[in-house]
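Every read-out reported here was derived from the displayed coordinates using simple, explicitly stated rules and does not represent laboratory data. On a predicted model such as this, the values are computed, not experimentally measured, just so you know. Please note: Cβ atoms are built from the backbone with ideal geometry, for glycine as well, and neighbour counts cover all protein chains shown.
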Amino acid sequence: MRKLLLLAAPFALLAQSSAPLECTRIFEERKQELELKLERIDEQRQAYEALKEATEAMLKRKERELKQKSEELNATRAEIEAERERIEKLVAKNEELLKAIREAKADKVSQTYAKMKASAAAQILSNMKASAAAQILSTLKPKTVGQILAKMDPVKASEITLILEDGGSAGERRRER
């Protein structure tokens, strides 16, 4: 029996050791599954990192482009503003020149009518529109205006007088010169 026991002992050990062998095999299979999952996770992480880097690079490029466009727009805006200011200065200068020309023209017309005889001036002004005649008369001295109006048709003279009253402040400033 002893022999039998000795011979049966390795089989008993083998029978007892098959359970750990089964566990080891299961653990090895599970280990392989986990390693495959880890590889997939690592691949996905690498893909994510590559995508993240590409996205960040694209974002930086877009930011540079946006900054460049913004700088170009600011430069264009500055150029437009400078051009606008230059044009405004030109317009102001032209308006001053136009005003000076109009004043010189009005002065010349005023001097011409001031040098005329009242009867000749009255005849010419009577044939004009009342507003144009009033504008010319508003540049003359009050004494001269009175002499001319006295030589005009009373209806036309009253019409011009009413216009002179309405625009009297502008006419008075000119007559004071």
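Annotations
- Residue list for the range 122-149, filter: surrounded by fewer than 16 Cβ atoms within 10 Å (Cβ to Cβ), touching a helix residue (DSSP H, G or I) at 6+ places or on another chain (Cβ under 7 Å) and in a helix (DSSP H, G or I): S131, P142
- Close pairs (7 angstrom Cβ cut-off, 6 or more residues apart or separate chains): closer than 16 Å to L162 by Cβ in the range 136-148, of a type in the set (V, I, T) anywhere: I136/V109; L137/V145; L137/I148; L137/I160
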